[in-house]
Structure formats: C-alpha cells, structure tokens
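Engineer: Here it is: the structure, laid out below.
The values are calculated or read from the model by the stated rules, or taken from the named source; none is laboratory data. Quick caveat, the model's predicted, so the values are computed rather than measured. Cβ placement follows ideal geometry from the backbone for every residue including glycine, while neighbour counts extend to all protein chains displayed.
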Amino acid sequence: MLMVRNQSGISCSSQCLNVLRLAILVSLFICWAHAMFLTGFRVLRFSALLIIRKSAMERIEGFQNEFRFLSNFEPVRVKLDGVWYPSVEHAYQAAKSLDVEERKIIQKAAGPGHAKRLGKIMDCREDWDDVKERIMTDLCIQKFAQEPYMALLLATGDAYIEETNTWKDTHWGVCNGKGQNRMGHILMKIRSDLREILKS
C-alpha cells in the first residue's frame, strides 16, 4: 500500500484515521450531551432558580411550578408487589385494593389524575388506614432514589416542605392552614436519609 507523507512525516492514511477517530468521539459526545440535557435540564434549571429565589427557600408551600417534581403525579417508574406503575399516584391508588384485576385497571389508567379518580370509587382493603403511610413512603423512596428527582429533592436544602392544597386534604397536606402534612414530612425524612447515605 502506497503511503504519501506530508512535511511533518505523518502519512495521509494515518491522518484519515485520526480524523475518523475524532469524528466518532465528537458523535459520541453529542449523544452523551443530548442524553444529559434531557435528564439534567430540570436539575440545572432548578439550581438556577434556587440562586435567584434563595430567600424563598425557607418554606415550600404546594407542589406547583418549579416544585412540581415533588408531586405524586410526576412520571416515574415505581414497583408495587412486583408490578411496575407509571407514577407514584398510580401505584398508591392501586394499593388500595388487593384484587389483581382492579390493580391492572388502575395501572393502565390514562394518567395519574384518572388513577386517583378510580381509586376514590374503589372499596379500600380493610387494613388500608394501617398500611397507607408505609406504602406511600416506600413508593416515594423508590421515586427519589432516581434522577433527576434525587438531585432536585436534595437541592431544596433545609426548606420546610408542605403539601399546601385547596382540595381539603388535611392528612397528606394542609388546607386553609389546617392539616397533618404527612406527605411533606415523608419527603423531608427521605431528603434527610439521602444526605446521610451520600455522606457514608
């Protein structure tokens, strides 16, 4: 094979190989950057908002706008009794029943809002009041063990998290200044536990 050398003594075939390698590396970097952008954009956006609104981060009231990620309606794969669900809300509502077919109906609900409406018309299992907080906690742990939700939750710092609502939920949240805010306390506990795990 004929090798033509330039003034630097590097063969043309070698230069072509280097160019090809560079093109492959650039292509791989673009794919990686695109993937990171899709998963990390919300983290970067939220971090920027934290800098701008640092004074407002002492307390989070309601899961709207930049705090939407705290909502159980957010899309995330979680598992309940070996079955995957498309959101915490889907899985939580399905857990109200021990009937496999009823759970399948909720699993396939068009969205978390639909799943919630279906859950409201179901006959709850007899031990529901005893197990619902444990189930909710487990589902939220699964959610916030995944990115970008882990980073977003940790980015809230020491802010008090309250599920302020207008739909009169005084167990999981607070309405008109009254409520147990169990959802908020679960999220703050998960945030604290994540910090301890990351330290070790």
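Engineer: Right, residue 86: closer than 30 Å to residue 179 by Cβ, at pLDDT 95 or above, in contact with a Ser or Thr (Cβ under 8 Å, 6 or more places away or on another chain) and not small (Gly, Ala, Ser) or not?
Structural biologist: no
Engineer: What's the number of the only condition in (1) free of Cβ contacts under 8 Å to residues at least 24 places away in the same chain; (2) closer than 15 Å to residue 67 by Cβ; (3) of a type outside the set (Phe, Trp, Tyr) that residue 163 fails to meet?
Structural biologist: The failed condition is (1).
Engineer: Moving to a separate point now. Is the stretch 112-128 home to any residue that is surrounded by 15 or more Cβ atoms within 10 Å (Cβ to Cβ), within 21 Å of residue 181 (Cα to Cα), at pLDDT 95 or above and of a type in the set (Lys, Arg)?
Structural biologist: Among the residues of the stretch 112-128, at least one is surrounded by 15 or more Cβ atoms within 10 Å (Cβ to Cβ), within 21 Å of residue 181 (Cα to Cα), at pLDDT 95 or above and of a type in the set (Lys, Arg), which makes the answer yes.
Engineer: Continuing with the same structure: Could you list, in sequence order, the residues of the stretch 69-102 that are crowded, with 24+ Cβ neighbours inside 10 Å and in contact with a Gly (Cβ under 7 Å, 6 or more places away or on another chain)?
Structural biologist: 93
Residue by residue, here is whether (1) more than 25 Å from residue 151 (Cα to Cα); (2) assigned to a helix (DSSP H, G or I); (3) within 14 Å of the chain's Cα centre (by Cα) holds:
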site: 77; (1), (2), (3): no, no, yes
site: 84; (1), (2), (3): no, no, no
site: 93; (1), (2), (3): yes, yes, no
site: 110; (1), (2), (3): yes, no, no
site: 115; (1), (2), (3): yes, yes, no
site: 118; (1), (2), (3): yes, yes, no
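Engineer: Continuing with the same structure: Just one of the numbered conditions (1) touching a residue at least 40 places away in the same chain (Cβ under 8 Å); (2) within 14 Å of residue 136 (Cβ to Cβ); (3) of a type in the set (D, E, K, R) is not true of residue 74; which one?
Structural biologist: For residue 74, the failing item is (2).
Engineer: For the stretch 136-156, give me each residue that is among the acidic types (Asp, Glu) and assigned to a helix (DSSP H, G or I).
Structural biologist: Passing the criteria: only 138.
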